[in-house]
Structure formats: structure tokens, C-alpha cells
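Here is the structure we will look at, set down as C-alpha cells.
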Amino acid sequence: MENQSTGRKKKRSPFRTLCLTALLLASAAVILNQTVFRLRYVRIVGNRTVSPGTVAALAGLDGKRGFFGLNEDEIRSGIEKDPCLVFVSLEKSFPNAVTLTVRERQPAAFVTVLSQSYVLDEEGYVLRKLNRGESGLIRLTGMNVRDIREGERISSVNQQQVNAYCAVMGELKNQGADTLFTELNVSDPGGIYIISGDGFLITLGDAEEMRAKLLTVRGVLHYAESCSLPAGGLDASVAGNATYTPPEE
């Protein structure tokens with residue numbers, strides 16, 4: 001009696017077929033991601049002093065990356081290894097281009113802690129140590145510093161001091177008026193004061209309504225300069241009002 005299995009084709013397992021198909025598709029996806037969908041066009045936006053190449057390198061955006069392998073959290077983490085850079089957004093353009101938008105933190109002030117001076121941006125982030133001979137930055141005084149590290153926000157025993165600093169410096173930067181002043185003191189968050197380049201001591205009170213207060217101060221300083229008033233005191237703790245006190249003779 002002949003063996004019925006002789007000459008009969010062996011049936012392929014459906015599971016084996018499925019696995020083989022999945023493997024082929026995965027291989028094709030990898031090949032496409034590294035060829036057709038490999039990054040070829042990287043546009044950097046928002047950098048001012050840091051080169052596009054440096055930004056791209058920090059983000060890991062090079063010719064070896066595939067379009068579908070981009071991870072925004074990884075890119076953000078890479079960018080922000082540089083204390084001066086902030087990740088803003090990542091825009092993907094199918095099939096092989098991206099636009100990376102960053103923001104550079106700008107020096108605004110410096111603070112001295114244990115004989116070492118550090119440069120801060122207007123949000124209180126520590127950018128670097130102050131360079132020898134560097135000038136043009138507002139001196140921050142009166143802050144009871146708890147911790148200060150490059151790449152992190154300055155920490156104070158009194159958080160309200162940090163908030164006061166940010167309120168004043170942020171508004172000075174917004175108004176483009178930070179070059180008019182030489183010192184900011186936040187020892188008393190309810191009695192903040194600044195000193196102008198002309199020597200006026202200006203009381204700002206607390207951190208509320210800072211925009212209106214500083215606009216008033218700038219107007220009064222301009223008037224004082226035009227009238228050649230001697231540097232004295234200005235009480236601008238009430239928004240919209242500034243009281244001038246002449247210097248003691």
C-alpha cells in the first residue's frame with residue numbers, strides 16, 4: 001500500500017507565515033527609516049550666539065537619525081544640557097525635515113556668593129560664572145542664597161526674594177530698560193529697590209504692578225535728566241506715582 005503522504009506538499013504553519021511577514025515588514029520599515037525617511041534637512045530657529053551646528057548636535061539631529069525615530073523628550077533633554085538654551089518646539093515636515101525652535105537665555109544680572117560671581121538670566125537661571133572684567137549687568141544684592149548651580153534656577157531661603165527678582169528683571173527686559181540700572185536689592189520683597197546709573201535710589205515696594213511702576217520711574221528719570229535734577233530718592237511703590245526726594249546736603 002502506497003504511503004498517502006508521498007508527493008503531498010507540506011503545509012506551512014499560519015503562525016510561521018505571520019511571523020515571517022512581520023519580520024519582513026519590520027526590516028522594510030528599518031530600511032526605509034534609514035534611507036527614504038532619514039533626516040536630511042534640519043532648520044534651527046531662535047539661536048543668537050550658539051551656532052546651528054552646536055544646537056543640532058546637542059539635539060542629536062544628524063544624518064543618522066530617522067524621521068520616525070525622533071523623540072521630543074530626548075531632544076529637549078539634549079538641548080537643555082546647555083544652560084543658555086531652552087527648547088521651544090519641534091516641527092516635523094514629512095518625510096525627512098524638521099524645524100527646531102530654541103530660545104537663548106540672555107545675561108541680565110550677576111550675584112556674588114562666597115566671593116564667586118555668577119551670571120543670571122531674567123528668570124533667575126544660572127548661566128555661568130562671571131567673566132573677569134565683564135560689565136553692563138545689574139548687580140543683584142540682598143538675596144539670601146540657599147543654593148546656586150549652573151544650569152539651575154537660583155534658590156533662596158526666602159522664595160519671595162526670587163519672585164521679586166524675576167518680577168523686576170523680567171519687566172526691565174521687556175521694556176529694554178535693564179541698562180538704565182546698576183543694582184537691584186531684594187532683601188525685603190515688600191520693599192524692593194533699584195539704583196539707576198545716575199545714582200537715584202528708587203523704592204518699588206512689592207512685586208505687584210511692576211510694569212506700571214517701572215514705566216513711571218523711567219518717565220521721571222527722563223524728566224530729572226532733562227532738568228538736571230541731582231540724584232536723590234524716588235518712591236515709586238504706588239503704581240503711577242513717584243515722589244522725588246532731593247539728596248541731603
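The values are calculated or read from the model by the stated rules, or taken from the named source; none is laboratory data. What you see is a predicted model, and the numbers here were worked out from it, not measured in a lab. Neighbour counts are summed over all protein chains in view; Cβ atoms, including those assigned to glycine, are modelled from backbone coordinates with ideal geometry.
Tell me, which strands (runs of 3 or more DSSP E) lie completely within segment 130-189 with 2 or more residues that are among the hydroxyl-bearing types (Ser, Thr, Tyr)? Step through it out loud before you land on a result.
Values: elements: 138-141, 145-147, 181-185.
Where strands (runs of 3 or more DSSP E) fall fully within segment 130-189, none carries at least 2 residues being among the hydroxyl-bearing types (Ser, Thr, Tyr).
Identify, please: which residue in segment 186-198 is surrounded by fewer than 18 Cβ atoms within 10 Å (Cβ to Cβ) and touching a helix residue (DSSP H, G or I) at 6+ places or on another chain (Cβ under 8 Å) and is, among those, nearest to Glu248 (Cα to Cα)? Outline the logic, then answer.
First, the residues of segment 186-198 that are surrounded by fewer than 18 Cβ atoms within 10 Å (Cβ to Cβ): 187-188, 190-191, 197-198.
Applying the additional criterion that residues be touching a helix residue (DSSP H, G or I) at 6+ places or on another chain (Cβ under 8 Å) yields 187, 197-198.
Working: Ser187: 24, Gly197: 19, Asp198: 16 Å.
Here the residue is Asp198.
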**Complete:** Residues in segment 173-198 that are within 20 Å of the chain's Cα centre (by Cα) and touching a residue at least 60 places away in the same chain (Cβ under 8 Å) total 2
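Return yes or no: is Ile194 outside the structural domain of Cys84 (by TED's automatic domain parsing), closer than 27 Å to Lys129 by Cα and at pLDDT 95 or above? Talk me through it step by step, then tell me what you get.
Numbers: outside the structural domain of Cys84 (by TED's automatic domain parsing): yes; closer than 27 Å to Lys129 by Cα: yes; at pLDDT 95 or above: yes.
The answer is yes for Ile194.
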**Message:** Taking the condition of being in contact (Cβ under 8 Å) with a residue 40 or more places away in the chain, surrounded by fewer than 16 Cβ atoms within 10 Å (Cβ to Cβ) and hydrophobic (A, V, I, L, M, F, W, C), how many residues in segment 78-137 meet it?
**Reply:** 2
**Message:** Within segment 60-77, take every residue that is farther than 25 Å from Gly151 by Cβ and of a type outside the set (D, E, K, R) and give me the one that is surrounded by the fewest Cβ atoms within 10 Å (Cβ to Cβ).
**Reply:** Gly63
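Within segment 88-98, take every residue that is modelled with pLDDT under 95 and part of a strand (DSSP E or B) and give me the one that is nearest to Ala167 (Cα to Cα).
Looking only at segment 88-98, we keep the residues that are modelled with pLDDT under 95, and these are 90-98.
Keeping just the survivors that are part of a strand (DSSP E or B) gives 90-93, 97-98.
On the way: Leu90: 29, Glu91: 32, Lys92: 35, Ser93: 38, Ala97: 39, Val98: 35 Å.
By that ranking, first place goes to Leu90.
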**Complete:** Considering segment 143-170, residues that are in contact with a helix residue (DSSP H, G or I) (Cβ under 8 Å, 6 or more places away or on another chain) and surrounded by 20 or more Cβ atoms within 10 Å (Cβ to Cβ), and then whichever is nearest to Phe87 (Cα to Cα), we arrive at Ile154
**Item:** Residue count for segment 209-233, restricted to those that are under 33 Å from the mean Cα position of the chain (by Cα) and closer than 24 Å to Cys166 by Cα
**Value:** 13
**Asked** Out of all the residues in segment 199-217, is one or more surrounded by fewer than 19 Cβ atoms within 10 Å (Cβ to Cβ), in a helix (DSSP H, G or I), of a type in the set (A, V, I, L, M) and touching a residue at least 12 places away in the same chain (Cβ under 8 Å)?
**Response** yes
